[in-house]
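Peer 1: Once you've had a glance at the structure underneath, I'll fire off some questions.
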Amino acid sequence: MYKIDAATKLADRVYEYWIRAPQVAQHARAGQFIILRLHEAGERIPLTISAIRGDTVRVIFMTVGKTTEELATLGAGDSISDVVGPLGKPSEIGNYGTCCVIGGGVGIASTPLIAKELKSAGNHVIGIIGARSADLLILEDEMREICDELHITTDDGSKGVHGFAADVLKKLLAERKIDRVWIIGPAIMMKVTAGATVPYGVKTYVSLNPIMVDGTGMCGSCRVTVGGETKFACVDGPEFDAHQVDFAELMQRQRIYTGQEKASLERFAEHRCRCGEGGHHHE
Amino acid sequence: MSDRPADVRIKDFKEVDGGLSADEAIAEAERCLQCKKPLCVKGCPVCIDIPAFIGHVAEGNFPAAARALKEQNMLPAICGRVCPQETQCEGVCILGNKDTPIRIGALERFVADRERESGAELPETAKPTGKRVAVVGSGPAGLTAAAELARAGHAVTIYESLHEAGGVLTYGIPAFRLPKDVVRAEIDQVLALGARLKKNHLVGRSVSTDELLGYDAVFLGTGAGLPAFMCIPGENLNGVYSANEFLTRVNLMHADAFPESDTPVLHAARVAVIGGGNVAMDAARVARRLGAKVSLIYRRGEEEMPARRAEVVHAKEEEIEFYTCANPTRILGEQSVTGVECVKMSLCGIDASGRRSPEPIEGSEFTLDVDMVIQAIGTSPNPLLVSLIPGLERGRRGNVVVDKNGRTSIPHVYAGGDIATGAATVIEAMGSAKKAAAAIDAMLKGE
């Protein structure tokens, strides 16, 4: 069992958990992820490692399906049946010069570790974090502390630049030399944002989030097409060259179980109503 | 045979073969000639003293039979069910020349089941040696190595990346062929010998290679976990599975019980399974139990199928439709699978594997309307860990190179099972693991 040390609600439907998992925390690097399973009947879901502190790792998730909804009912002191990691290849950190680390929505969760390691490697690090609106923007203070510069965007203009991360990136690319770019967010956001670096030929990484089961290269559920070749996101990724990724296929494969996921979520919601469970209060 | 009727068994995942009763077992055991030079023992990859255990069964002394079995094999209830006895012990049984061979597998299973139901007796273990051994992977090879080394008195730690032990016994072979309580009970016996199990530990990631190589000896039993794909158009459409994924979703994650169980699997009306091995039969029969009409596509003829004959028969009884001498050329569909296009194959000359080699017949394309395709065309060694260990020599197919004792290019690191041999059977994995364990024991005792 893996104990939740702290649980905080960061924004509407967005939660931050610190999970005690020494074997993960001791070896985790930027860009890697864990797979967790809540209980005997639980499914295995991947979550990016967002921070490391002692024997604990931080994950940040949005409630989008049954498992994340159920996870959100847990609180500090509760336990998760299984946690395995760190999985996947770490980010390709090096001293490149000027690097831009971009997070969209809950994808911002992945940015602090990457930015931190890039900074330690000697890079000038520019952060761009974007959300639909100001109240959904997470980790702003943390990113401001790590990055040399931080840009904020909101779709509705309630904070920072009114627009998308891609707009800020385009402006930066036109003004100065950027050597490497990382983009983490929803598939469509990564696709659109990565388009900005194509004309400049800047090496751009995206962190892919296909459906996984084992996360160790055994099942092939997470296969993605990169540069015309089939790759397994769990062991060959999760970060890939953005300009080589077949995003349409990724998005198509993310929808395989949409019907079942909806049914499972509705069933869970109904069950919670009947049992009158309010869930934990996250402070 | 005591198989449940096909029309009943396709409605559930309960075991197909009901096993022998005590009277049947004794009667079968009494047929044994108790050969002075038993060929069956030579036919067994783990060298079970078969005449001895069968002799005890004939006398009705089942606990003694169990002791004799476990002298050489800690997983008898598993082996009794999944070993290809027809090409091993039973294949060389002298009675087979004129009559039917002794049903050694059925007897092994009977003895093991009997012992499990009445409370298992643990074999003795040697005094602690103070030596630490890491076993990577808890499949058939890892469990066998762990059992042998724990019995020899070494402190064994088994690392397993999944949330449950057993490897292919747990995620691969379906419950109707190998019930999961049987697997768990035999794993528990290995652990009762003193081996420690660390689940959720992916060696190379959760355990560093330095930490691993710090053990007095290491046994790698990481298996052939990497699924092969055919590399034909349409392979990444929704509804195309590797057999590994499809079977893992059902066997390990219990997707058949969705939504009680949280893991989903697609339900299709018509399924095509590609391949002719045991895994293909397993996938086809699981799909059948999920309610599909199933077609099996194999590029050679039925007699060339690598699957056990019994599994082919079981599949046919369960109304799996066979398309032999046919090969898929592309999978059709926009986002989800709507069909599979195949070409007929003619079998000409003999290829390197000694089987007739299939060649496509031009213009013979035909289409099957299906909404799911499961590829069961083989697996290769999982490269993840072995690529992270510096100095570990690998063969062309990604397997770890070992000598006849299972020793790798690193003196205190041994390997066995599919990671060393390439995809093979449970019992072959156990045989190679046993050999490696004996060599590790000798090395640790300074012999």
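Just so you know, all these numbers are worked out from the coordinates, no wet-lab data involved. Given the structure is predicted, the values throughout are model-derived calculations rather than measurements. Here the Cβ is made from the backbone with ideal geometry for all residues, glycine too, and neighbour counts use every protein chain on show.
Peer 1: Among B:Leu143, B:Val111, B:Pro128, which residue has its Cα furthest toward the positive end of the charge dipole of region B:89-153, with +1 on Lys/Arg Cβ and -1 on Asp/Glu Cβ?
Peer 2: Comparing the listed Cα positions along the dipole, B:Pro128 ranks first.
Peer 1: Okay, next question. With charges set only on the Cβ (+1 for Lys and Arg, -1 for Asp and Glu), what does the dipole of region A:2-87 come to about its Cα centre, in debye to the nearest 20?
Peer 2: 240 debye
Peer 1: Also: For the protein assembly as shown, how big is the tail of P(r) above 53 Å, as a whole percent of Cα pairs?
Peer 2: 13 percent
Peer 1: Something else: Can you list the lysines whose alpha carbon is less than 18 Å from that of B:Lys127, not counting same-chain residues fewer than 8 positions off?
Peer 2: B:Lys445
Peer 1: Working from Cα positions, state the angle (0 to 90°, nearest 10) between the long axis of helix A:111-120 and the longest principal axis of chain A.
Peer 2: So the helix axis and the longest Cα principal axis differ by about 50 degrees.
Peer 1: Let me know the charge dipole size of the protein assembly as shown about its Cα centre in debye, to the nearest 20, where only the beta-carbon of Lys, Arg (+1) and Asp, Glu (-1) is charged.
Peer 2: The dipole magnitude comes to about 1160 debye.
Peer 1: Relative contact order of chain B: what whole-number percent is it, with Cα pairs under 8 angstrom and at least 6 residues apart?
Peer 2: 16 percent
Peer 1: Which ordering of B:Ile331, A:Ile102 is given by a fewest-first count of other beta-carbon atoms within 10 Å?
Peer 2: Result, fewest neighbours first: B:Ile331, A:Ile102.
Peer 1: Taking the dipole about the Cα centre of region B:198-285, with the C-beta of Lys and Arg at +1 and of Asp and Glu at -1, give me whichever of B:Pro264, B:Gly275, B:Asn244 is farthest to the positive side.
Peer 2: Checked the options; the winner is B:Gly275.
Peer 1: Any idea how far apart B:Ala64 and B:Ala126 come out in nm if each label point goes 7 Å out from Cα toward Cβ?
Peer 2: 2.8 nm
Peer 1: Further question on the same structure: How long are the three semi-axes of the equivalent ellipsoid of chain B, in whole Å, if each is the root of 5 times an eigenvalue of the C-alpha gyration tensor, listed from largest down?
Peer 2: Each semi-axis is the square root of five times an eigenvalue, giving 35, 28, 21 Å.
Peer 1: Next question. Can you put B:Ser138, B:Ser21 in order, fewest other beta carbons within 10 Å first?
Peer 2: Placing the least packed residue first, the sequence is B:Ser21, B:Ser138.
Peer 1: What does the average come to when, for each residue of peptide B:217-230, you count the partner chain Cβ atoms lying within 10 Å of its Cβ?
Peer 2: Mean shielding by partner chains, rounded to a whole number: 2.
Peer 1: Sequence-distant or interchain residues sharing an amide H contact under 5 Å with A:Ser79, placed H: which?
Peer 2: A:Ile4
Peer 1: Where in region A:1-25 does the amide nitrogen come within less than 18 Å of the point 7 Å from the Cα of A:Asp156, taken along Cα to Cβ?
Peer 2: A:10-14
Peer 1: Taking trypsin sites (Lys or Arg not before Pro) as candidate sites, keep only those in a DSSP loop with at most 12 other Cβ atoms within 10 Å, then name the longest stretch of chain A containing none of them.
Peer 2: A:1-175
Peer 1: Using the structure shown, list the pairs from B:Lys293/B:Lys434; A:Lys9/A:Lys170; B:Lys42/B:Lys131; A:Lys116/B:Lys198; B:Lys199/B:Lys434; B:Lys70/B:Lys180 with a Cα-Cα distance above 30 Å, or answer none.
Peer 2: Violating the 30 Å limit, Cα to Cα: B:Lys293/B:Lys434; A:Lys9/A:Lys170; B:Lys42/B:Lys131; A:Lys116/B:Lys198.
Peer 1: Could you give the distance between the Cα centres of region A:160-193 and region B:154-186, to the whole Å?
Peer 2: 47 Å
Peer 1: Could I ask something else about it? Provide the gained length on full extension for the span B:Lys14 to B:Ala424, in nm with one decimal, where the gain is 0.36 nm per separating residue minus the Cα-Cα distance.
Peer 2: 145.0 nm
Peer 1: As an exercise, use a Förster radius of 25 Å and the Cβ-Cβ distance of A:Asp148 and A:Ala174 to find the FRET efficiency, rounded to the nearest 0.05.
Peer 2: That pair, A:Asp148 with A:Ala174, gives E of 0.85.
Peer 1: In the P(r) worked out for region B:6-118, what percent of Cα pairs fall beyond 21 Å?
Peer 2: 33 percent
Peer 1: Can you give the % of DSSP beta bridges in the protein assembly as shown that are antiparallel, to the nearest 5?
Peer 2: In the protein assembly as shown, DSSP labels about 50 percent of beta bridges as antiparallel.
Peer 1: Need one number: nm distance between label points at A:Val198 and A:Ser81, each 7 Å from Cα along Cα→Cβ, rounded to one decimal.
Peer 2: Distance between the two pseudo-spin positions: 4.4 nm.
Peer 1: Arranged from highest to lowest average of other beta-carbon atoms within 10 Å per residue, in what order do the peptides B:425-436, B:253-264 appear?
Peer 2: Per-residue Cβ counts within 10 Å, averaged per peptide and sorted highest first, yield B:425-436, B:253-264.
Peer 1: Now for a different question. Tell me which of A:Gly103, B:Ile410, B:Val203 sits at the most positive position along the dipole axis of the protein assembly as shown, charges placed on C-beta atoms (Lys, Arg +1; Asp, Glu -1).
Peer 2: Highest projection toward the positive end goes to B:Ile410.
Peer 1: Count the DSSP beta bridges whose two residues both fall in chain B, then state the antiparallel fraction as a percent rounded to the nearest 5.
Peer 2: Roughly 40 percent of the DSSP beta bridges within chain B come out antiparallel.
Peer 1: Another question, then. Which whole-number percent is the relative contact order of chain A (Cα, under 8 Å, 6+ apart)?
Peer 2: Relative contact order here is 17 percent.
Peer 1: Okay, next question. First check a/c for region A:98-254, with a ≥ b ≥ c the square roots of the eigenvalues of its C-alpha gyration tensor; if it is under 1.5, answer rounded, and if not, answer prolate when a/b is larger than b/c or oblate otherwise.
Peer 2: Prolate, because a/c is 1.5 or more and a/b exceeds b/c.
Peer 1: If each of B:Leu33 and B:Asp351 carries a label point 7 Å out from its Cα toward its Cβ, how far apart are those two points in nm?
Peer 2: 3.9 nm
Peer 1: How large is ³J(HN,Hα) for each residue in region A:247-263, as worked out from phi by the Karplus curve 6.51 cos²θ - 1.76 cosθ + 1.60 (θ = phi - 60°), to whole Hz, x for Gly and Pro?
Peer 2: Running phi through 6.51 cos²θ - 1.76 cosθ + 1.60 with θ = phi - 60° gives 5, 4, 5, 4, 5, 4, 6, 5, 9, 3, 10, 3, x, 5, 4, 5, 4 Hz.
Peer 1: Shifting gears a bit: Where nothing but the Cβ of Lys and Arg (+1) and of Asp and Glu (-1) is charged, how large is the charge dipole of region B:6-118 around its Cα centre, in debye to the nearest 20?
Peer 2: Approximately 340 debye in magnitude.
Peer 1: Can I get the semi-axes of region A:2-87's equivalent ellipsoid? Compute them from the C-alpha gyration tensor as square roots of 5 times the eigenvalues, in angstrom, largest first.
Peer 2: Semi-axes, largest first: 18, 14, 12 Å.
Peer 1: Cut-off 17 Å, label point 7 angstrom out along Cα-to-Cβ of A:Ala121: give me the residues of region A:17-52 whose amide nitrogen falls inside.
Peer 2: What the label zone holds, given the 17 Å backbone N cut-off, is A:28-33.
Peer 1: Let me ask something else. Within straight cross-link reach of A:Lys66, meaning Cα distance under 12 Å, which aspartates and glutamates are found once same-chain residues fewer than 8 apart are removed?
Peer 2: Those aspartates and glutamates meeting the cut-off are A:Glu43, A:Glu261, A:Glu266, A:Glu270, B:Glu260, B:Asp262.
Peer 1: Please list the three semi-axes, largest first and in whole Å, of the ellipsoid equivalent to region B:95-181, using sqrt of 5 times the eigenvalues of its alpha carbon gyration tensor.
Peer 2: Taking √(5λ) for each eigenvalue gives 29, 19, 14 Å, largest first.
Peer 1: Quick check: Cα centre of region B:359-379 to Cα centre of region A:28-66, how many Å?
Peer 2: Their Cα centres are 38 Å away from one another.
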